[in-house]
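**Q** Take a look at the following structure, please.
Please treat every number below as a calculation from the coordinates, not as lab data. Just so it is clear, the model here is predicted, and its values are computed rather than measured.
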Amino acid sequence: MQGEIEDRTTPQSARRRRFRRAAIAILLLSVLPMIPVIFAASMAHFAGCRLDESGGHPCLIGGFDAGPVLYTVGMGFFFIALLAMIAGAVAAAIWIAAAIYYVLRGMFAGR
């Protein structure tokens, strides 16, 4: 009887590991493109410069006008990050639907 319990729990624990890995991958892939946006915003903030959608503003960092570069990195990657977050939300919705399916399937399989 003890062997039967171990055999039943092994596929479920493997499935849980796959679901956890998928959740972590979804989270990382949807948050990863935000790193350049956060970096550009932080650089502009600490240099006392403006960073917004209206264009590149003058921003001297170490004698170099980094305003256009910060604008390109901040706003260009913002669009990519937005798309990644949308894709992450869709992937998370699919993940949740699959998790609910497997939970309900496991609940009603004993009937």
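**Q** For the range 22-82, what is one quarter of the convex hull surface built on the Cα atoms, given in nm²? Before the final figure, lay out each step's value.
**A** Values: hull surface 17.1 nm².
Directional mean of the projected Cα hull area for the range 22-82 stands at 4.3 nm².
**Q** Dividing the Cα convex hull volume of the range 4-107 by residue count, how many Å³ per residue is that?
**A** Values: hull volume 11.5 nm³, N = 104.
Spread over its residues, the Cα hull of the range 4-107 gives 111 Å³ apiece.
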